[in-house]
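Notes for the one structure printed next.
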2 protein chains.
Amino acid sequence: MIELDVPSGLPAGIATPAPGDPRLARLSLNQRTTQRWSVGEAVDGCLAAGVPSIGLWREQIAEFGLDRACRAVERAGLRVSSVCRGGFLTGLADDYARAMSDNRQAIDESAALGAACLVMVVGGLPEGSRDLPGARQRVEDRIAELAVYAGQNGVQLAIEPMHPLFCADRGVISTLRQALELAERFPAEQVGVVIDTFHVWWDPHISELVARAADRIASYQVCDWITPFPADALLSRGMMGDGHIDFRSLTSLVQQTGYRGDIEVEIFNAEIWAADPHATVATLMRRYVEHVLPS
Amino acid sequence: MIELDVPSGLPAGIATPAPGDPRLARLSLNQRTTQRWSVGEAVDGCLAAGVPSIGLWREQIAEFGLDRACRAVERAGLRVSSVCRGGFLTGLADDYARAMSDNRQAIDESAALGAACLVMVVGGLPEGSRDLPGARQRVEDRIAELAVYAGQNGVQLAIEPMHPLFCADRGVISTLRQALELAERFPAEQVGVVIDTFHVWWDPHISELVARAADRIASYQVCDWITPFPADALLSRGMMGDGHIDFRSLTSLVQQTGYRGDIEVEIFNAEIWAADPHATVATLMRRYVEHVLPS
């Protein structure tokens with residue numbers, strides 16, 4: 001019986017790699033891709049499928065319990081490729097204490113989990129504000145404070161440039177260039193960057209910027225850009241191969257920097273969330289081999 | 001009676017400027033903002049309201065008749081701030097002849113109308129293609145051919161960097177930097193750039209890029225970025241003041257380059273299109289004065 005890909009319903013292009021297949025050695029499942037799984041279920045799902053690494057979300061960690069999550073990933077022998085997410089640093093002065101406290105807690109959780117990095121989604125414009133330079137300045141100032149604390153705890157902050165689509169409401173760091181200009185003020189072990197194909201694939205200067213990122217690459221995340229654009233912009237991410245992104249070229253650029261860390265599949269998509277998570281994992285394993293891994 | 005703004009329904013912030021008000025001297029109505037008006041109706045609408053300039057669309061010009069459109073704007077004494085649009089140059093070899101012929105015709109029409117420029121929306125990826133560098137290369141090659149023809153006909157091609165949101169399906173020129181790198185290979189009278197607030201407001205390097213654009217600024221277009229993002233991404237533009245863009249800062253940057261051309265209001269928005277076009281024009285005149293004009 002030929003398996004069907006999720007969510008396209010197309011026949012699988014290759015056989016699903018079996019656990020232990022060396023092509024899976026760097027694959028990580030970001031748990032948001034299998035949204036309905038708890039941390040425990042996602043860990044079990046990775047173990048059963050042979051995915052050696054996982055990206056965890058703080059809301060799900062909190063639901064499951066941090067200690068329990070630490071034990072689950074340790075017992076399963078999984079790497080934690082990232083914790084998602086810190087950030088939301090753009091609030092005005094009355095939000096400063098909350099933001100810093102929350103981010104220190106996120107750093108503590110990442111340290112406890114032995115995560116490779118804490119992904120930072122820096123936040124959009126405060127309600128009613130049009131002061132974009134001001135919001136960006138607050139991000140810089142607050143990252144500077146958090147970088148020290150992160151370094152003390154052995155956690156790398158991973159600044160995620162967000163697609164300019166999200167500048168107003170999610171992340172005022174809009175390009176890899178801008179993320180690097182910020183990260184480069186700090187030691188690389190304190191502050192790196194996320195390269196997420198969805199956010200950066202359009203950038204006309206991507207080659208030079210990935211090369212410049214080099215040892216700052218804290219996380220490499222993949223998902224596709226699909227059209228027509230879905231009604232909910234937040235859920236506009238597609239399974240690799242269903243959209244317009246040339247993953248192999250991007251992976252090659254990342255590879256050329258010497259990056260050998262995990263490659264994390266992170267997809268927000270209502271149709272994928274409605275599917276059986278096991279089918280989603282099987283599809284992403286196949287598509288990862290077909291589209292993402294350098295040939 | 002206090003007038004209400006379109007489409008917010010909020011009370012007008014200022015009285016609508018009367019025809020002849022010097023604050024309107026550089027205002028242009030892009031006719032897509034009043035979508036249901038023909039060229040003739042839009043010309044009449046500008047004349048009645050005291051808007052001295054108009055941006056015309058080729059589909060509407062074709063419907064109305066080119067000669068008739070030329071006579072209408074001449075009789076009304078309006079400037080034609082732009083013709084929208086040429087471009088769609090990313091097709092593969094089998095689309096080359098069509099694309100070049102269509103663009104030469106667009107240049108001819110722009111020349112006949114005495115338009116300040118022909119706006120170039122360069123096109124997205126061809127169906128099924130993931131070769132973004134290839135698409136961008138074809139744009140460069142074809143602009144190089146068209147630039148000569150445009151120059152011979154006294155028309156400036158205005159490369160419009162499109163928001164990265166549209167990279168896959170509308171325009172592979174995604175930043176002002178990229179548009180300038182292309183335009184700067186040609187004499188400024190042949191190839192300039194469009195600065196459209198919607199497309200570039202998020203750019204972290206906008207100040208230096210607008211300064212660099214200087215005498216390449218062929219058109220300055222304004223509309224707002226609104227959230228939550230509407231279901232149809234193409235119609236996600238808002239009336240100035242209804243969204244997140246700090247227009248006055250951007251206008252100041254443009255002003256500092258010495259640009260003294262028209263400022264064109266171009267809004268694609270289903271709610272605005274459903275409103276009475278006269279109310280739309282009155283609103284945009286007020287909002288232009290309140291939000292866009294440098295103080």
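The values are calculated or read from the model by the stated rules, or taken from the named source; none is laboratory data. In this text, all values refer to a predicted model and were calculated from it rather than measured experimentally. Positions of Cβ are backbone-derived with ideal geometry, glycine not excepted, and every protein chain shown enters the neighbour counts. Calculation scope for accessible area: heavy atoms of the full protein, side chains included, ligands and nucleic acids excluded. Shrake-Rupley method; radii C 1.70, N 1.55, O 1.52, S 1.80 Å.
Pairing the Cα long axis of helix B:247-256 with the longest principal axis of chain B, what angle in degrees results, from 0 to 90 and rounded to the nearest 10?
60 degrees
Looking for one value pair here: nearest-to-axis residue in chain B (by Cβ) for the rotation onto A, and the distance in whole angstrom.
Nearest to the symmetry axis by Cβ: B:ALA231, 2.
Normalised by the residues of the range B:1-97, what does the relative contact order come to in percent, with Cα pairs under 8 Å and at least six apart? Please list the in-between numbers first.
Working: 105 pairs, mean separation 22.6, N = 97.
It rounds to 23 percent for the range B:1-97.
Note the angle between two axes, namely the Cα long axis of helix A:66-76 and the longest principal axis of the Cα atoms of chain A, as a number of degrees from 0 to 90, rounded to the nearest 10.
40 degrees
Please work out how much accessible surface B:MET240 shows to a 1.4 Å probe, ignoring ligands, DNA and RNA, in Å² rounded to 10.
Counting only protein heavy atoms, B:MET240 exposes about 0 Å² to solvent.
Going by Cα centres, the range B:156-211 and the range B:215-289 are how many Å apart?
17 Å
Return a whole-number percent for the relative contact order of the range B:151-248, with Cα pairs under 8 Å and 6 or more residues apart as the contact set. Before the final figure, lay out the partial values.
Details: 156 pairs, mean separation 23.9, N = 98.
About 24 percent, as a whole number.
Restricting to bridges with both residues inside chain A, how much of the DSSP beta-bridge set is antiparallel, in percent to the nearest 5? Walk me through the intermediate numbers first.
Numbers: 3 of 32 bridges.
Once the DSSP bridges in chain A are tallied, antiparallel ones form about 10 percent.
Any chance you could run the full-extension gain for B:LEU92 through B:SER207? It's 0.36 nm times the residue separation minus the Cα-Cα distance, nm to one decimal. Working shown, then result.
Details: separation 115, 0.36 × 115 = 41.40 nm, distance 3.54 nm.
Between B:LEU92 and B:SER207, full extension yields an extra 37.9 nm.
In what sequence, highest mean first, do A:42-50, A:100-108 appear when ranked by Cβ atoms within 10 angstrom? Write out the running numbers ahead of the final one.
Working: A:42-50: 20.1, A:100-108: 17.6.
Top of the packing list down: A:42-50, A:100-108.
Counting partner chain Cβ atoms within 10 Å of every residue's Cβ in B:236-243, what's the average? Let's see the in-between values first.
Details: counts 3, 0, 0, 0, 0, 1, 0, 2.
Shielding by partners across B:236-243 averages 1.
For A:GLY13, go 7 angstrom from Cα along the Cα-to-Cβ vector, then report the distances to that same point in the other copies in nm, smallest first.
5.0
When only C-alpha pairs under 8 Å and at least 6 residues apart count, what is the relative contact order of chain B, in percent?
This gives 21 percent for chain B.
Hey, what angle do you get for helix A:132-152 against the long axis of chain A, alpha-carbon based, 0 to 90 degrees rounded to 10?
Taking the Cα atoms of chain A, the angle to A:132-152 is about 80 degrees.
Calculate the length of the line joining the C-alpha centroid of the range A:111-137 to that of the range B:60-118, in whole Å.
Measuring centre to centre over Cα atoms gives 44 Å.
List the distances, in nm and shortest first, from the label point of B:LEU235 to the matching label points in every other copy, placing each point 7 Å from Cα along the Cα-to-Cβ direction.
2.0
A:GLN137 to B:GLU3: FRET efficiency via 1/(1 + (r/R0)^6), r the Cβ-Cβ distance, R0 30 Å, to the nearest 0.05?
On the way: r = 38 Å, r/R0 = 1.27.
E between A:GLN137 and B:GLU3, to the nearest 0.05, is 0.20.
Enter the accessible area of B:HIS278 (Å², nearest 10), with the probe set to 1.4 Å and all protein chains included.
110 Å²
Just from its helices, what would the mean residue ellipticity at 222 nm be for chain B, if runs of 4 or more DSSP H residues each count -39500 (n - 2.57) and the sum is divided by every residue, rounded to the nearest 500 deg cm²/dmol? Walk me through the intermediate numbers first.
Details: 11 runs with 114 residues, N = 295.
Helix contribution divided over all residues of chain B: -11500 deg cm²/dmol.
Counting partner chain Cβ atoms within 10 Å of every residue's Cβ in B:185-195, what's the average?
Values: counts 0, 0, 0, 0, 0, 0, 0, 0, 0, 0, 0.
Shielding by partners across B:185-195 averages 0.
Going 7 Å from Cα along the Cα-Cβ axis for the label, what nanometre distances separate B:GLU145 from the same residue across the other copies?
In ascending order, 5.8 nm.
Per-residue mean of other chain beta-carbon atoms within 10 angstrom of the beta-carbon, peptide A:227-233? Intermediate values should be presented prior to the final figure.
Working: counts 8, 5, 10, 2, 5, 3, 8.
Going residue by residue through A:227-233 and averaging, the value is 6.
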